[in-house]
Every structure is written in C-alpha cells, then in structure tokens.
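*Asks:* The structure under discussion is supplied below as structure tokens; questions concerning it will follow.
The values are calculated or read from the model by the stated rules, or taken from the named source; none is laboratory data. A quick note: this is a predicted structure, and the numbers were derived from the prediction, not measured. In this analysis, Cβ positions are derived from the backbone assuming ideal geometry, glycine residues included, and neighbour counts consider all displayed protein chains. Accessible surface areas use protein heavy atoms only, side chains included; no ligands, DNA or RNA. Shrake-Rupley method; radii C 1.70, N 1.55, O 1.52, S 1.80 Å.
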Amino acid sequence: MEELLSRCPRWVLPGRGRPALCAVSGGLDSMCLLDLLDRWCRKRDGRVVAAHFNHRLRGAEADRDETFVRDWCAAHDIAFVSSSGDVRGLMEREGLSLEEAARKLRYDFLRQEAEKLGQHIKIYTAHHADDNAETILFNLIRGTGVAGLTGMAYQQNGICRPLLDVTREELAAYAAARHIPHVEDTTNADPGAAARNFLRLEVMPRLRQINPRAVEHINDAGRRLRVADQSLEEEAARRTAHVEVQEGRVTLSRQALAEATDAVRPRMLLRLFDLLGVGRRDITAAHLKAILHLTRDTLWGRESRVDLPQGVTARYCREWLILETRPQLLTEVQLLQECPVAWGDYRITLLDHREGEGLALRPWRQGERMGLTVGPAAPGDRLVLPETHGGGRSIKRLCMDRRISLPERDRLPAVYAGGCLAAVWRLGVDMAFAAPEGEPCRFIQITEAAKERDLI
C-alpha cells in the first residue's frame, strides 16, 4: 500500500487527522483507491468518506453499482454518501454533451459533500497513469495547445489524483492481492460507445505493441511539457503585471504584445480575461487569433472590434488593445471574416457566401485592396440604387421615402468599402458594389437582435 501511494507527492495525501472524500464508482480503479485511502487515513487518525453518484443512465446496472458500493462500505465501516441527477435533462437545457453533463453533476455533488466535511477537504479520484496517457492523446487528436498536452495534475481545483504514476495493471494486481471486488460498467467494453473507449480498447494496445513502455513515455512527455507550460504562464504574467485595469475594462499596449514571443501572446490575452473578471471559459484559439488580428496595422486609422463570449468586446484603437464589458457606442468598426460584431440592434458577420439575410457585395477586383467597416451612415452620404435610375440619393432622402424615422436611420448599419459607402441595411447596395444574384460575393450577414433571441 505504502509503495503505491508513495509515488505521488506527500502533500497530495490527507494530513494527520484529516478526513478525505473519495469518489467511488464501484469499478476496479476507484475500489482500489478507496481501500488505499482507508488504510492511509486509519493509520493517521483520519477517515475516508466514499461518495457515489448515480447518473441514472444505465438502468438496473447503475442501481446495482450504487448498492454494491454502499454494502462494501457498510461491511468495512466506511462512511458512505450518494446522490443522483437528471443528466439528460441538464444536457438538453445547457446544450452539453452527455459526458459533460454527467461530469458537471458528479463534480457538483462531490464539492457539496466536501464542504459538508469542513474547509479545505480534498476530493480524491482514481485517475491513473493509463487514464493520463489516454487524456493526452485524446486532447492531441481533438486539437489542443501545450496545456492540453500536459495531462492531469496531481492536484487541481480541489481534486486530487494520487494514482497518476500507477498503471491499470498495477491496480489490478493490488486488487487481486487484497481480494478487493469491483463491478464492471458493460459500456466500458464497447469500443463504439465512446471515443475514449475506442482509444483505450483499440489504440492503446497497439501503441504498447510498438513500445511496452508507451504509457510511461507519454506521461513523461506530459510532465516535461507541464514545466514548459508553467514557464510560459509565468512569462505572460510578468508581461501583463502592469496592465491598466478598471471596472469593466482592461487595456494593454500593442507594444507589450509585439515584444512578446508568439507562444506568450495568446497567454497574455487569456490573462486579460482573468483581469477583467470573466475568466477564460469558452475562449477558443479562434477568438485569440481574431483578437491578435485586430492589433495589426488597421487601414485608414479606424477602430477595429470583435465580439467575444461572456459579453466581452475587444477593441483596438491608437496602439491600444481594450477588452471591456461596457456598452459600446455606435462607432465605425472593421469587419473581419467570420468574426461576428454586435452593432446596435444587430449582429453583423462578414462571410464569403450568402447565408440568411444581409447585403451582397461584389468580390474585390484585381488591384483593389479595401477593408470593410460598419458604422452609422452620415446624412450627407449617397447611394446609387436601381430605383434611382443611375442618380444617387442621400441617405436622408431614401429614409424619408421609406418612412424610416431619424432615430431609426441613425441606428441602421452602413457598410463602407475603402472609406466609400457601399450599402445600408434596409436601403440596399450601391450599384458600384452590388454582386449579381447567383455570383460570388462578400456577404454581410445581418441578424436583428430580437430575431436572434426568438431563434434561441
């Protein structure tokens, strides 16, 4: 017992006299961990509490697992707590995958039970070396940055994983030697039940054929990458230490970004979300790329802007990058391909194809290089439309003809190409910029906020 647990840092394990909460599914891994922690705690005047969450996804088999863990704990004088939840209901309400919904409910339950035991009580899970190697490979296949290739940590966000250096084979040997029973989740034996099952049952055995120490080597690579990842995070923290922070707004100079390496810049941006107080949730590599694109030299000196998750707007203006949650004025902003912009009562996206409602502009001609911006239309600007018979009419007059009030006119998105008015929503596209029906175009997709809410 001591040999298995001695492989993890001592600070991960429960201290003398401290209780520990162990997540127990009833499978081999978690039953071994429960036995190991029970023996560890008893020797140090502590106790372990077994926590089982019934996901209600496997019918009678799920109930069997709960009964098995409950009975084992009763026979070995181990405290037991359990709960269940509507995983499918949460999945549908919040648009999560089945695994994400199950994980959320399970960890919510574990944290609630840990709080009942007292402050700073650690939660223990039975993730082991094979799980860690599979996680690293799974992240690599799905697409990830350096952080995703570091694997699991011994301790993170109150979750402790003391078995990360212990293989599944070693746990099976421990269970056999200690006569520890377990139950099997029949879905774990089906490669088609989940992507991770396929990885564990089909891919990992083949990797071990190439090198029997594949799991060990994958985990070693993850540890080395973790050191590099921490170094990059520290560098990003140093370079953002003097960021200007106000309520609802953070400001970083373009120079500070320019002086950082390509590996550090995205991490600096992520720290801006932390400093803004909204965190990094839902911020993807595509969002970070769009923000960095803003900081390139913008044409005509106009402000560039992109809308981000959690109500955050990123603006680049006069050598400063600004992330804020404050309401935005209707200023002229640059449109970037497939980067939606919330502008007034509209959501505006530049696409390379027609989709939904919007304005279709012809592609650039040879030699043309003009960016597209959206902003309020100036009353003196003019549009040449088919109904004007070749002559232009002012925006003011066109709005009057269509009974569009002055307040409405000032909130209509107008699209400018190279500083020239190309189109105005609800009025049309200037004939000099119009794309014939059925031909390639640059499409300005426009969705009214009210309609967007109706679709949700």
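*Asks:* Which residue is farthest from Leu398 (Cα to Cα), if the candidates are limited to the range 417-449 and must be open to solvent by less than 20 Å² (accessible area, probe 1.4 Å), touching a Gly at 6+ places or on another chain (Cβ under 9 Å) and not in a loop (DSSP other than H, G, I, E, B)?
*Replies:* Phe443
*Asks:* Moving on. Scan the helices (runs of 4 or more DSSP H) fully inside the range 43-160 and keep the ones with 3 or more residues being modelled with pLDDT of 95 or more.
*Replies:* 60-75, 98-117, 129-142
*Asks:* While we're looking at this one, here's another question. Of everything in the range 170-190 that's touching a residue at least 12 places away in the same chain (Cβ under 8 Å), within 12 Å of Cys32 (Cα to Cα) and assigned to a helix (DSSP H, G or I), which residue is most open to solvent (accessible area, probe 1.4 Å)?
*Replies:* Once the filter is applied, the top-ranked residue is Arg178.
*Asks:* All but one of (1) more than 16 Å from Ile283 (Cα to Cα); (2) within 22 Å of the chain's Cα centre (by Cα); (3) open to solvent by 60 Å² or more (accessible area, probe 1.4 Å) hold for Leu336; which doesn't?
*Replies:* Evaluating Leu336 over (1) more than 16 Å from Ile283 (Cα to Cα); (2) within 22 Å of the chain's Cα centre (by Cα); (3) open to solvent by 60 Å² or more (accessible area, probe 1.4 Å) leaves (3) as the failure.
*Asks:* Right, something else. What are the residues in the range 141-167 that are among the polar types (S, T, N, Q) and either in contact with an Asp or Glu (Cβ under 9 Å, 6 or more places away or on another chain) or under 19 Å from Leu28 (Cβ atoms) (or both), if any?
*Replies:* Correct list: Thr150, Thr167.
*Asks:* On to the next question. Is it the case that Glu134 is farther than 26 Å from Asp38 by Cβ and open to solvent by less than 20 Å² (accessible area, probe 1.4 Å)?
*Replies:* yes
*Asks:* Here is a further query. Just wondering, is there one or more residues in the range 202-214 that are of a type in the set (Lys, Arg) and assigned to a helix (DSSP H, G or I)?
*Replies:* There is at least one residue in the range 202-214 that is of a type in the set (Lys, Arg) and assigned to a helix (DSSP H, G or I).
*Asks:* Here's another thing I want to ask about it. Pick from Asp29, Asp63, Asp35: which is within 28 Å of Ala102 (Cβ to Cβ), of a type outside the set (A, V, I, L, M, F, W, C) and under 31 Å from the mean Cα position of the chain (by Cα)?
*Replies:* On inspection, the qualifying residue turns out to be Asp29.
*Asks:* Condition (residue is open to solvent by less than 40 Å² (accessible area, probe 1.4 Å) and in a helix (DSSP H, G or I)) applied to the range 237-247: is it met by at least one residue?
*Replies:* Checking the range 237-247: at least one residue is open to solvent by less than 40 Å² (accessible area, probe 1.4 Å) and in a helix (DSSP H, G or I).
*Asks:* Filter the range 168-210 down to the residues that are at pLDDT below 95 and polar (S, T, N, Q), then identify the one that is farthest from Met31 (Cα to Cα).
*Replies:* The residue in question is Asn197.
*Asks:* Moving on to the next point. Here is a list of conditions, (1) hydrophobic (A, V, I, L, M, F, W, C); (2) farther than 29 Å from Glu66 by Cβ; (3) not in a loop (DSSP other than H, G, I, E, B), and Ala260 meets all of them except one; can you say which number that is?
*Replies:* Answer for Ala260: the failing condition is (3).
*Asks:* Please go through the range 38-81 and give me each residue that is of a type in the set (Gly, Ala, Ser), over 20 Å from Asn188 (Cα atoms) and surrounded by fewer than 17 Cβ atoms within 10 Å (Cβ to Cβ), ordered by number.
*Replies:* Ala74, Ala75, Ala79, listed by residue number.
*Asks:* If we keep just the residues of the range 296-319 that are at pLDDT below 85 and among the small types (Gly, Ala, Ser), which is surrounded by the most Cβ atoms within 10 Å (Cβ to Cβ)?
*Replies:* Across the range 296-319, the extreme among qualifying residues is Ser304.
*Asks:* When you look at Thr135, is it within 17 Å of Glu216 (Cα to Cα) and free of Cβ contacts under 8 Å to residues at least 24 places away in the same chain, yes or no?
*Replies:* So Thr135 passes the test.
*Asks:* Looking for something of a type in the set (Ser, Thr, Tyr), open to solvent by less than 70 Å² (accessible area, probe 1.4 Å) and in contact (Cβ under 8 Å) with a residue 60 or more places away in the chain - is there at least one such residue anywhere in the range 282-291?
*Replies:* For the range 282-291, residues of a type in the set (Ser, Thr, Tyr), open to solvent by less than 70 Å² (accessible area, probe 1.4 Å) and in contact (Cβ under 8 Å) with a residue 60 or more places away in the chain: absent.
*Asks:* Shifting gears a bit: Checking Asp274 against (1) over 30 Å from Gly311 (Cβ atoms); (2) in a helix (DSSP H, G or I); (3) among the acidic types (Asp, Glu), which test does it fail?
*Replies:* Among (1) over 30 Å from Gly311 (Cβ atoms); (2) in a helix (DSSP H, G or I); (3) among the acidic types (Asp, Glu), Asp274 violates only (1).
*Asks:* Pull up the range 100-131, narrow it to residues that are among the small types (Gly, Ala, Ser), surrounded by 21 or more Cβ atoms within 10 Å (Cβ to Cβ) and in contact (Cβ under 8 Å) with a residue 24 or more places away in the chain, then point me to the one that is nearest to Leu34 (Cα to Cα).
*Replies:* Step by step, filter the range 100-131, then rank; the result is Ala126.
Per-residue answers, yes or no, for (1) in contact with a helix residue (DSSP H, G or I) (Cβ under 9 Å, 6 or more places away or on another chain); (2) of a type in the set (A, V, I, L, M, F, W, C); (3) more than 23 Å from Phe80 (Cα to Cα):
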position	(1), (2), (3)
Glu99	yes, no, yes
Phe109	no, yes, no
Gln112	no, no, no
Ile121	yes, yes, no
Leu164	yes, yes, yes
Leu199	yes, yes, yes
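Here's the yes/no breakdown for (1) assigned to a loop (DSSP other than H, G, I, E, B); (2) among the polar types (S, T, N, Q); (3) at pLDDT 85 or above:
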position	(1), (2), (3)
Leu321	no, no, yes
Pro327	yes, no, no
Thr331	yes, yes, no
Arg347	no, no, yes
Leu350	no, no, yes
Arg354	yes, no, yes
Trp364	yes, no, no
Val374	no, no, yes
